[in-house]
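Taken together, the values in this text are just the output of simple stated rules run on the coordinates, not laboratory data. The shown structure was predicted, so the numbers you read here are calculated from the model rather than taken from an experiment. Please note: Cβ atoms are built from the backbone with ideal geometry, for glycine as well, and neighbour counts cover all protein chains shown.
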Amino acid sequence: MRVLGINALFHDPAAALVIDGRTVAAAEEERFSRRKHGKRPLPFSAWELPVQAARWCLAHAGLTPADLDLVGYSFDPALARPADAMGLDDPWDHLRLRYAQEAPGFLAETLPGLDPAKVRFVPHHVAHAASAAYAADGAADPCSVLVLDGRGEATSHLAARRVGTRLEPLAGQQLPHSMGLVYEELTQHLGFLRSSDEYKVMAMASYGTPRMADVLRRHVYPTGDGGFHATAVPWTELAPALAPGQEWTRTHADLAASTQHVLEEVMLDLARWLHDRTGDRLLTLAGGVALNCVANSRIAAEGPFDRVWVQPAAGDAGTALGAALHLAAAGGDQPLPMPGADLGRGWSDAEVEAWLRRARVPYERPADVAAEVAAALADDGIVAWFQGRSEFGPRALGHRSLLAHPGRPANLERLNDVKGREQFRPVAPMVLADRAAKIFEGPLPSPYMLFVHRVTAEWREKIPAVVHVDGTARIQTVDRAADPLTARMLEEFELLTGLPVVVNTSLNTAGRPMVDDVRDALECFGSSPVDLLALGPFVVRRGRMFADPARPGEGSR
Ligand SMILES: [Fe+2]
């Protein structure tokens with residue numbers, strides 16, 4: 001079966017294509033439209049569809065809309081209730097529902113040849129659950145799945161079990177109770193952009209202590225039946241609201257730490273409740289809350305499951321993939337684990353070279369781009385690493401990455417400057433998979449950067465740029481078989497420096513989506529102080545491209 005999945009209603013619009021149970025392509029609309037998160041999650045933007053992503057998925061597989069057997073839309077308006085009946089203050093929510101109801105017609109309009117009768121509404125949390133339970137690698141059947149996000153149709157959570165090609169629901173939490181909405185409210189209270197900057201709150205939590213946890217527990221607590229109470233937190237009583245950009249204080253960090261702590265307690269309780277019912281060894285996670293790698297690590301360390309697997313596109317983008325996998329499984333196909341997160345666009349060497357020539361950019365083709373990049377990193381250069389297909393989900397995983405030397409503490413500040421990020425935020429390391437255990441303590445392997453690890457004492461001084469204030473790092477392990485080129489770059493870097501680790505952050509500048517195509521890479525390179533751009537087998541050197549008055553002689557390098 002050929003199934004296209006669509007996420008559109010709230011944010012992170014995305015499309016994914018599943019053929020005979022196999023994930024062929026998945027991409028977020030933001031990578032095409034160059035608008036971060038695709039759109040703001042407002043009721044009046046609910047009609048916007050991931051048109052470019054959907055068209056690309058089809059073109060990638062050589063299909064037309066008429067060739068599709070089914071299209072899954074990751075929201076079912078029939079399950080929703082009026083916002084005020086759900087206790088939500090959202091006066092325009094009815095627009096959202098109206099647009100969702102019309103989605104089959106809208107899709108047929110934007111994908112000419114598609115029969116609107118082939119569009120199926122997939123419940124939002126079922127789509128999230130399918131994106132984890134069907135896409136997880138390893139011995140995944142049967143397995144448990146926990147979904148936590150801001151909201152779906154009328155719930156904010158689903159606990160379920162995957163058995164074969166079925167998802168058996170076990171518990172769900174009705175709105176307005178929502179761990180995701182509580183975290184979003186705090187994000188806004190701290191002066192950040194809600195539904196976007198939640199990871200900044202998680203980073204800030206490391207600077208505080210959970211001294212307000214008792215107060216929060218009056219409003220946010222597990223109810224013992226697989227669900228939770230989470231609403232009406234009196235934020236202003238706990239810490240004054242911050243305007244965007246306003247300096248935060250110790251009190252704000254303590255509030256972030258307290259909320260993070262209580263979130264972890266609730267998630268642990270839900271995991272234990274679920275394990276009591278299933279006894280499964282594997283827990284899979286999805287929903288925006290599952291991007292909270294600190295909470296994921298606590299579930300892995302203290303929860304009852306042997307292994308925890310998190311969908312790398314755990315936010316709403318992943319529901320495009322989940323909707324497609326769910327319909328494929330329900331239709332009789334055997335869903336296969338996703339082959340990796342590199343499910344987006346990629347270019348052949350010849351296509352990349354044609355692009356460089358067209359832009360009249362001075363470039364070279366070194367004998368080994370991995371060795372060339374390792375040498376530039378060892379020489380303390382900042383390198384843009386553009387290789388293979390782009391990542392699905394919010395993390396750069398060695399395909400659209402910005403790399404630096406982890407041994408220089410100043411590189412944290414330098415990278416945060418390049419990217420226009422707040423200085424309290426950490427940058428993360430990538431590490432050779434077979435070296436990780438001697439440097440980092442935590443769930444291994446960790447190919448998708450969805451857990452935090454404790455950096456062992458002897459390594460903290462060797463890689464200071466990637467050690468967060470609390471002594472942790474959010475690592476990506478790089479496996480030689482899965483990503484031989486990036487692994488070789490790490491090996492070369494280790495030969496030069498003794499460190500099998502490099503700093504890895506996403507290739508983009510502040511407020512912009514990750515670089516996706518070659519033009520984006522050149523634009524990013526042209527507007528930020530990156531020393532070397534590695535595009536497939538080619539490299540572009542800053543010194544050859546631009547004369548740098550601050551560094552005399554650079555132009556001849
Ligand atoms: Fe969601």
> Taking segment 296-334, which residues are assigned to a helix (DSSP H, G or I) and more than 16 Å from the ligand (Cβ to nearest atom)?
Replying inline: ASN296, SER297, ARG298, ILE299, ALA300, ALA301, GLU302, LEU327, ALA328, ALA329, ALA330
> Quick check, is VAL71 under 20 Å from the mean Cα position of the chain (by Cα) and hydrophobic (A, V, I, L, M, F, W, C)?
Replying inline: no
> Can you find a residue in segment 430-439 that is touching a His at 6+ places or on another chain (Cβ under 7 Å), crowded, with 24+ Cβ neighbours inside 10 Å and hydrophobic (A, V, I, L, M, F, W, C)?
Replying inline: no
> If we keep just the residues of segment 124-145 that are away from the ligand (no atom under 14 Å from the Cβ) and under 19 Å from the mean Cα position of the chain (by Cα), which is surrounded by the most Cβ atoms within 10 Å (Cβ to Cβ)?
Replying inline: ALA133
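The rows are residues; the columns are (1) assigned to a helix (DSSP H, G or I); (2) over 17 Å from TYR183 (Cα atoms).
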site	(1), (2)
LEU216	yes, no
LEU242	no, no
ALA256	yes, no
THR259	yes, no
LEU274	yes, yes
> Which one of these does LEU158 not meet: (1) within 16 Å of the ligand (Cβ to nearest atom); (2) of a type in the set (A, V, I, L, M); (3) under 30 Å from GLY245 (Cα atoms)?
Replying inline: (3)
> In segment 146-155, which residues are within 18 Å of the chain's Cα centre (by Cα) and more than 10 Å from the ligand (Cβ to nearest atom)?
Replying inline: LEU146
>> Regarding segment 272-283, can at least one residue be identified that is within 16 Å of the ligand (Cβ to nearest atom) and either of a type in the set (Lys, Arg) or in contact (Cβ under 8 Å) with a residue 40 or more places away in the chain (or both)?
In response: no
> How about segment 446-486: which of its residues are surrounded by fewer than 16 Cβ atoms within 10 Å (Cβ to Cβ) and closer than 26 Å to ASP342 by Cα?
Replying inline: ASP479, ARG480, ALA481, PRO484
> Given VAL266, VAL262, VAL233, which one is under 27 Å from ALA323 (Cβ atoms), of a type outside the set (Phe, Trp, Tyr) and either surrounded by fewer than 24 Cβ atoms within 10 Å (Cβ to Cβ) or touching a residue at least 12 places away in the same chain (Cβ under 8 Å) (or both)?
Replying inline: VAL266
> Which is surrounded by fewer than 19 Cβ atoms within 10 Å (Cβ to Cβ) and within 16 Å of the ligand (Cβ to nearest atom), of LEU63, LEU9, LEU88?
Replying inline: LEU88
> Condition test on ASP76, is it exposed (fewer than 14 other Cβ atoms within 10 Å of the Cβ) and not hydrophobic (A, V, I, L, M, F, W, C)?
Replying inline: no
> If we keep just the residues of segment 487-507 that are of a type outside the set (A, V, I, L, M) and part of a strand (DSSP E or B), which is surrounded by the most Cβ atoms within 10 Å (Cβ to Cβ)?
Replying inline: ASN504
> What about GLU353, is it surrounded by fewer than 19 Cβ atoms within 10 Å (Cβ to Cβ), more than 16 Å from the ligand (Cβ to nearest atom) and not in a loop (DSSP other than H, G, I, E, B)?
Replying inline: yes
> How many residues does segment 97-155 contain that are more than 25 Å from ALA171 (Cβ to Cβ), touching a residue at least 24 places away in the same chain (Cβ under 8 Å) and not small (Gly, Ala, Ser)?
Replying inline: 14
>> Would you confirm, using the coordinates I've provided, whether ARG34 is without any contact (Cβ under 8 Å) to a residue 24 or more places away in the chain and surrounded by fewer than 19 Cβ atoms within 10 Å (Cβ to Cβ)?
In response: no
